[in-house]
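Trainee: Sending over a structure as structure tokens; questions will come in a sec.
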Amino acid sequence: MNGELRTPSAPMARRVLALLLAHADRVVPMELLIDELWGEEPPKKARKTVQTYIYQLRKALCDEGSGQSQELVETHPHGYRLPLQDCRLTSRGRA
């Protein structure tokens, strides 16, 4: 990704990214994502909406210049995983 900023523009997609980062290298269950995003009153199509946010994350995080379609967010039977074991994260926030 060559040092490019890849933060998703949609606020809810950023929240999903934050949840995946907080649980890096572990599967985050769909139920936890839904609960963290909407609390006790999720929308009827919450699962489909989370899938849309995951799609947005994959699109934002993909390395288009490499010619590879490596997905950085893995799909598991009951949730999603962001594998970061061998990755280096950098921050562009203020010191």
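Trainee: Among the residues of the range 29-37, is any at pLDDT 95 or above, within 14 Å of the chain's Cα centre (by Cα), surrounded by 12 or more Cβ atoms within 10 Å (Cβ to Cβ) and over 20 Å from Ala10 (Cα atoms)?
Mentor: yes
Trainee: Residues of the range 43-68 being at pLDDT 95 or above, more than 13 Å from the chain's Cα centre (by Cα) and either open to solvent by 60 Å² or more (accessible area, probe 1.4 Å) or on the phi > 0 side of the Ramachandran plot (or both), which ones?
Mentor: Of everything in the range 43-68, those that are at pLDDT 95 or above, more than 13 Å from the chain's Cα centre (by Cα) and either open to solvent by 60 Å² or more (accessible area, probe 1.4 Å) or on the phi > 0 side of the Ramachandran plot (or both) turn out to be Lys44, Lys45, Arg47, Lys48.
The values are calculated or read from the model by the stated rules, or taken from the named source; none is laboratory data. Note that the structure is a prediction, hence the values are computed from the model and not measured. Note that we place each Cβ from the backbone using ideal geometry, even for glycine, and neighbour counts take in every protein chain shown. Protein only, heavy atoms only, side chains kept; ligands, DNA and RNA dropped before computing areas. Shrake-Rupley method; radii C 1.70, N 1.55, O 1.52, S 1.80 Å.
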